[in-house]
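Undergrad: Below you'll find the structure I mean.
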Amino acid sequence: MSNNGLNIKITAPIVMVAILLVTLLVNSGCYNSKTGEVKVGGSISFELPVFPETGSHAVQIFSEMQYSPSYRSQEVPRLLPPEGSVPVTGAEVKILEVEALKALSMPDHDGSQAAKIYSVNCQVCHGQSLRGDGPITTLSSARGDGSKAYSGAAPVNLISERVNDLSDGEIFGYITWGGRPGLAAAARGKDSTSIMPQFGYLLNEEQRWQLVQYIRDQNK
Ligand code: HEC
């Protein structure tokens, strides 16, 4: 307990000095509120977050929300399981070939969480309507020059013949590996270059099957 008191005594002046320093830098004209660029003398420069309308924090794009970075500071250090451990429910067999994916059939699953899993993980790109028009596609760049923040491959319209014509297993495979580019990269043992996360690492098998069913249902 006495340790805590000591910590507060030591950290409070440090925090005050840091606040003073940032205030000084911002007020002394070395801070560009559009780009967040801060220059100190000729040699030091770094970027603070910006939100051009208010001159404060930027909207940070985090491509999937299941594991929000905001929780991190609250978490206790994790004890990772020993390498090679498998869950008690059995390990998932990784399938990387399209033909083998096509042969998969949807297992029995509970679909009650599907809409929620979709809106937390997919809606930001594929949109609430699933038509590939999520907020990421219209977000303005922090540069404030009218350009878009995201200019990569467009999130696929999931209410489309293209997706409706896929088998359940293919949709499952694309969710698992981050779209077609992600699956192709994984099959070559390479890292995915797609903006779409590889949900095989983020959602369990059952959650991914719930999403396949959800996409199917919305296509009806
Ligand atoms: C960060 C943006 C992003 C997120 C989040 C995202 N996707 Fe995607 N998705 C894409 C992009 C972009 C593509 C097109 C593939 C490419 O070019 O990388 C794609 C492709 C796909 C495809 C393949 C469709 C086809 O016919 O090629 C499926 C299925 C899909 N996404 C489903 C989902 C689901 C379900 C989720 C949520 C678990 C999700 N995506 C989350 C961006 C995203």
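Just so it is clear, none of the values below were taken in a lab; they were calculated from the coordinates. None of these values were measured; they are calculated from a predicted model. Note: ideal-geometry Cβ built from the backbone for every residue, glycine included; neighbour counts use all protein chains shown.
Undergrad: How far, in nm, would the chain grow between Val120 and Arg216 when pulled straight, counting 0.36 nm per residue and subtracting the alpha carbon separation?
TA: Gain on stretching Val120 to Arg216: 32.7 nm.
Undergrad: Taking 0.36 nm per residue of separation and subtracting the Cα-Cα distance, what length does fully extending Glu161 through Ser112 add?
TA: In short, 15.1 nm is gained.
Undergrad: Using only alpha carbons, build the gyration tensor for segment 82-219 and give me the equivalent ellipsoid semi-axes, biggest first, whole Å.
TA: Three semi-axes, in Å: 27, 18, 15.
Undergrad: Hey, another quick one. Please list, by residue number, every one of the GluC sites (Glu not before Pro) in segment 90-127 that is coil in DSSP and has at most 15 other beta-carbon atoms within 10 Å.
TA: Here the GluC sites (Glu not before Pro) that fit, given the DSSP loop and packing criteria, are Glu92, Glu97.
Undergrad: What distance in nm separates the simple spin-label points at Glu99 and Ile44, each placed 7 Å from Cα in the Cβ direction?
TA: 6.2 nm
Undergrad: What is the extension gain from Lys190 to Ile19, computed as 0.36 nm multiplied by their sequence separation minus the C-alpha to C-alpha distance, in nm to one decimal?
TA: Extra length from Lys190 to Ile19 when fully extended: 57.2 nm.
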